Amino acid sequence: MDTPKHHILEEIEIDFDAERVCPSGEMGAALFGWPWQNLGSYKYILFGPLLVEFISSTIYETRQCEYSWCIHILILCSLRGVVHQLWSSFDSMLWLNRTNRLSKRGVDFGQIDREWHWDNFIILQAFMASIILLINPSILTNLPTWKTSGIISCIFFHIGLSEPLYYWLHKLGHSSHFFQQYHWLHHSSKVNHPYTAGHATFFEHLLLCVIIGVPIAGTTLIGHGSLIMFYGYVLIFDFLRCMGHSNVEIVPRYIFDNLPILKYVIYTPTYHFIHHKDMKTNFCLFMPLFDILGNTMNEISWDLHREISSTQGKKAKAPEFVFLVHGVDIKSSTHVPLFFRSLSSWPYNTNIIHLLLWPASFLAALIMWAKSKTWLLAFFHLRGKLLQTWIVPRCGFMYFLPFAKNGINNQIEKAILRADRIGVKVLSLAALNKNEALNGGGKLFVTKLPDLKVHVVHGNTLTAAVILNEIPQDVKEVFLTGATSKLGRAIALYLTRRKVKVMMLTESTERFTRIQKEAPLESQSSLVQVTKYQEAKHCKTWILGKWATPSEQRWAPPGTHFHQFVLPPVFEFRRDCTYGKMAAMRLPDDVQDLGFCEYKMERGVVHACHAGGIVHLLEGWSHHEVGAVDVVQIDLVWEAALRHGFKPV
């Protein structure tokens, strides 16, 4: 049997190491770095002069015609950013394109940081255009909106000059000298992404200015320019560059089956993906014709495209582990790679972008509530195992609407059944998806679906262990809220075994008595029921399992430390006290393809219940972890987590 082309390509994959190919001493080549790189994200102030000129030209009408080109450049730069953002969002639609992905790896934090300023070239090209238009500002003002001859001329200039020039320069960039001096930076991205298209040195983008400028300047100089040509060529150029660097094959095979000549005219994501694997082939800009003429086309290009673009009977690799989450609130719902890859690679923090998008996010949440089902959000690999995060299309506040309960449980049940059907080994319920009042900590599903092969877990055993191991051994008393929850009960019972006095805030004597009876006889006196926050005003160790308002926090004495297992975390109101973060653990060092932060967690850190589910998988445990937390298992799970390389935060 013939080996699939995709596997052949994996066998010839080049393990590219930027530090090995280009020692640090060679990273300072002339024109390697960007002139404004020290500005960081403040670089966008460089657009300020254009904006000022446009505003001035609007105020002084005599200059309006002369400086109208400023607004054209600003609009075009914005549209170029939108093109790249839309491609990035498409690349992150894992539920839609997972079967047609070229590389099965994910974009990790390192690549995201390296590509952070992918849009530098947009600023550069805006500068270059501004210089030309400052010399002759009437160029754009005298252009017609549309001119068919100009469109045709632009195409001929592109094919006759830009394509062969790029091919020659790109091939030169892969020569030993120029690759080690410059082009290695572009290939340091291990997974293709639309932003990778802009990830290159200042020198290379200067050359690209010439390539993209020749058709526009040439067409304008011969008198056939138009605004549509100006906008259209630049945006189509960006569109095709993003397409070629996408990690998803979108060009269907039947196009080339029906019109074989198109194989010479347009490349595909697969075609350029091969170049990033086998860097001696497939150098063209957009037209494989020039690789054919230069005898540099990889022989498996079109067979591999046919294999990857064929979706008939194709299934994506099933994960071994799924973490089933939900949205926290409307504002933070855009903190996912689907919207902004860069922002989601850092812990969530409210900024102007989230606030501006709130109306759109709210509308999207309502639409998803009505129409959407659970979808794939993110993934990473650990020790050869694929671990995914799925999201229930609900926000936190919806879990407290009485009429929404059945719909949410229905969504969770469908996700569990789907995981069971595709062969997932462990599905871990996050946050409110395992709410006691909602489904008994997942017990509802295990009872209703007794034949499940997937193990449903809430991961709270490890959450309890994390919280308990944060409490100093010499603590003699604690104040506990949320005491009758799964975690509250487990923490209270565990601490009584350590002879710690636990003041449980609860107005339900019946529930308190029930928990007290579960404690060993000699430890039952360690549990004390309180009904008001002020009854704990002398205790300096508070464990918050439910939201505490500033007025409730004020009863804590100075120097109190607030441990918490409530989502979202409480406001850090007291300046004379300290606050613990959400129970979490740092992933093992050998985790791969991680590029997404869980809510407010640091990079490489996950919620403790997430880690608990992964430990369940790595240990190969065959039981469901639902309902009440087994206090006896807390130390066992903690030791297993440490043994597998998880670390306390």
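The values are calculated or read from the model by the stated rules, or taken from the named source; none is laboratory data. Everything numeric here is computed off the predicted structure, so don't read it as measured data. No Cβ is skipped: glycine too gets one built from the backbone with ideal geometry, and neighbour counts run over all protein chains shown. Surface areas here come from the heavy atoms of the whole protein model, side chains and all, with no ligands, DNA or RNA. Shrake-Rupley method; radii C 1.70, N 1.55, O 1.52, S 1.80 Å.
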Exposed-site-free run, longest, the chain (rule: chymotrypsin sites (Phe, Trp or Tyr not before Pro); DSSP loop; at most 12 other C-beta within 10 Å)
147-570
Difference of contour (0.36 nm per residue) and Cα-Cα distance, V210 to A437
75.3 nm
What's the carbon and sulfur percent of the range 50-136's accessible surface, probe 1.4 angstrom, rounded to a whole number?
68
Counting other C-beta atoms within 10 Å, and keeping those with at most 15, which DSSP coil GluC sites (Glu not before Pro) do you find in the range 287-371?
E299
Could I have the simple spin-label model distance between W375 and K537, label points 7 Å from Cα toward Cβ, reported in nm to one decimal?
5.2
In the range 179-245, what percent of the accessible surface is made up of carbon and sulfur (1.4 Å probe, ligands and nucleic acids excluded)?
78
A convex hull over the alpha carbons of the range 479-535 yields, per residue, a volume in Å³ of 64
Points 7 angstrom from Cα along the Cβ direction at S41 and M279: gap in nanometres?
3.1
Residues of type lysines that K537 reaches as a straight line, Cα spacing below 24 Å, ignoring anything fewer than 8 places off in the same chain:
K476, K499, K501, K546, K581
Nearest 10 degrees, 0 to 90: what angle lies between the long axis of helix 202-221 and the longest principal axis of the chain (Cα atoms)?
50
In degrees between 0 and 90, to the nearest 10, how far off the longest principal axis of the chain does helix 48-59 point, with axes built from Cα atoms?
70
Nonlocal amide H pairs with W375, under 5 Å, H built at 1.01 Å:
I391
The chain: radius of gyration over Cα atoms, expressed as a fraction of 2.2 N^0.38 Å:
1.14
Determine the per residue accessible area of the range 302-364 with all protein chains present and a 1.4 angstrom probe, expressed in square angstrom.
48
Taking max minus min of the Cα coordinates of the range 289-411 on each principal axis, largest first, gives extents in Å of 65, 35, 32
F362 versus D451, label points 7 Å from Cα toward the beta carbon: distance in nm?
4.6
Nearest-10 value in Å² for the accessible area of H610, using the 1.4 Å probe
0
Whole-Hz Karplus ³J(HN,Hα) for the range 439-449, in order, using 6.51 cos²θ - 1.76 cosθ + 1.60 and θ = phi - 60°, x for Gly and Pro?
8, x, x, x, 5, 4, 6, 5, 5, 6, 10
Cross-link table K373/K414; K263/K315; K315/K425; K280/K314, entries beyond 20 Å C-alpha to C-alpha
K263/K315; K280/K314
What percentages, rounded to whole numbers, describe P(r) for the range 426-501 computed over all alpha carbon pairs with 5 Å bin width beginning at zero?
3, 14, 23, 21, 14, 11, 8, 4, 2, 0
Solvent exposure of the range 497-582 as accessible area per residue, Å², 1.4 Å probe
55
For the range 569-640, what does the alpha-carbon gyration tensor say about shape, rounded, prolate or oblate, given a ≥ b ≥ c as the root eigenvalues, a/c under 1.5 as rounded, and a/b over b/c as prolate?
oblate
Order the following by accessible area, largest value first: T58, T461, T220. Probe radius 1.4 Å; ligands, DNA and RNA are ignored.
T58, T220, T461
Calculate the tail of P(r) for the range 166-285: the fraction of all Cα-Cα distances greater than 16 Å, expressed in %.
67
So if I take the centroid of the Cα atoms in the range 325-373 and the same for the range 475-499, what is the distance between those two points in Å?
35
Per residue, what volume in Å³ does the Cα convex hull of the range 67-171 take up?
184
In the range 529-649, carbon and sulfur make up what percent of the accessible area (probe 1.4 Å)?
54
If r is the Cβ-Cβ distance from E299 to L642 and R0 is 41 Å, what FRET efficiency results, to the nearest 0.05?
0.20
